[in-house]
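To keep things clear, I will list the structure first and then write my remarks on it.
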Amino acid sequence: MVNGGFGESHVNMLLAMLNIPGICHKNLKEREREVGEKLERMANESCSRNLATEVALTDSPEDGIVVSFDGAWQKRGTGRSYNSLTGHATLIGQKTGKCVGYATKSKKCRICCAAKEKNITPRKHNCKKNWQGSAKSMEPAMACDMLQSVLDQGEKVSTLVMDNDSTTIARVKSTIDKNITKHCDSNHTRKGFTASLIELSKTHKLLRNTKVRSHIERCFSYSISQNKGQPEQLATGLRSIIPHLYGEHSSCGTWCRGNEEGYKHKALPYGKPLDDKDLKVALQSLLEKFISRSSELANMGSTQSNESFNQMVASKAPKRL
Ligand SMILES: [Zn+2]
Ligand SMILES: [Zn+2]
């Protein structure tokens, strides 16, 4: 039922079709609670098992394992509106690609709510309400919960791959382990760069040309993907982008044929290098921000698996709160 993502009325419809007496709401809920506990235990056992495998595959487990982290919300509107009542997050091991930890935060509990309405004390129940703050602040809390549970199981996390959320890593460093390093998610970084270019295009007309913009983006992602694990080369690569755009190819690598006779900038207007001075300054300061983080950018991971996992969780848990 949970797997199919449908509820009571659908189950009863199916049972009726099979000529089997339906199940009443109360019974179903009770069974659901029975199964729920078992499922939770299974999930925890599975996480511990995966954690053990992850540790076994790590070269130096005493230094800690590498995991990726991402959180998601139910009912997340477009863009950045966080008014959700539940949040969930996962920790996925880099070596196994399996879930080594999970956390959920819920702001509401049906039983507690109903009791409050009737002005009575709620009956004894397995209460899932564990959050009072805002939906956005669930993410750091869930990260800390999961990392703490890894510690409780006697293992250590050395590196957290995550999006560019500074609150979470700050909280993790201050409450769990100050030595945990953060690696960026490559997708988020690329998106961040594109967003900055679009922001710049408000003042610099030339960047409104999508061909120009995508050429700059391509130079950027190329530098990053070609210089994995080599921060110095990456910094050099990023530094050569602007000269390249402005027709100065001496520092370009093998990827550019700018030094050849009759070279044309296919992606740039009229095949000519750029010559806008103000834009050059603006681009310079944008790239400088990334160059200063080059050691971080050279060691990027991916939170893709977390994102797809979270999506799956969201699709299975109907938004009924
Ligand atoms: Zn409750
Ligand atoms: Zn070049």
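The table below gives the values:
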{"read-out": "Positive-end residue, the chain charge dipole about Cα centroid, Cβ charges, pick of 21, 130, 158", "value": "21"}
{"read-out": "Residue-normalised accessible area of the chain, expressed per residue, 1.4 Å probe, Å²", "value": "59"}
{"read-out": "Cα long-axis angle, helix 138-152 against the chain (0 to 90 degrees, to the nearest 10)", "value": "80"}
{"read-out": "Heavy-atom accessible surface of segment 187-297: percent carbon and sulfur, 1.4 Å", "value": "50"}
{"read-out": "Principal-axis tilt of helix 186-200 within the chain, Cα atoms, nearest 10 degrees", "value": "60"}
{"read-out": "Cysteines (scope the chain) whose Cβ has no counterpart Cys Cβ under 4.7 Å", "value": "24, 47, 99, 113, 127, 144, 184, 219"}
{"read-out": "Kirkwood-based Rg to Rh ratio, segment 1-158, C-alpha trace", "value": "1.05"}
{"read-out": "Stokes-Einstein D in µm²/s, Kirkwood radius over Cα pairs - the chain at 4 °C with 1.567 mPa s viscosity", "value": "56"}
{"read-out": "Segment 1-146 - charge dipole about Cα centre, Lys and Arg +1 at Cβ, Asp and Glu -1, debye rounded to 20", "value": "960"}
{"read-out": "Between 0 and 90°, nearest 10: helix 304-316 axis offset from the chain longest Cα axis", "value": "30"}
{"read-out": "More than 21 Å apart - percent of Cα-Cα pairs taken over segment 187-297", "value": "32"}
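The values are calculated or read from the model by the stated rules, or taken from the named source; none is laboratory data. In this text the structure is predicted, and so the values were computed from the model without any measurement. Every residue, glycine among them, receives a Cβ derived from its backbone with ideal geometry; neighbour counts consider all protein chains shown. Note: areas computed on protein heavy atoms with side chains; ligands, DNA, RNA excluded. Shrake-Rupley method; radii C 1.70, N 1.55, O 1.52, S 1.80 Å.
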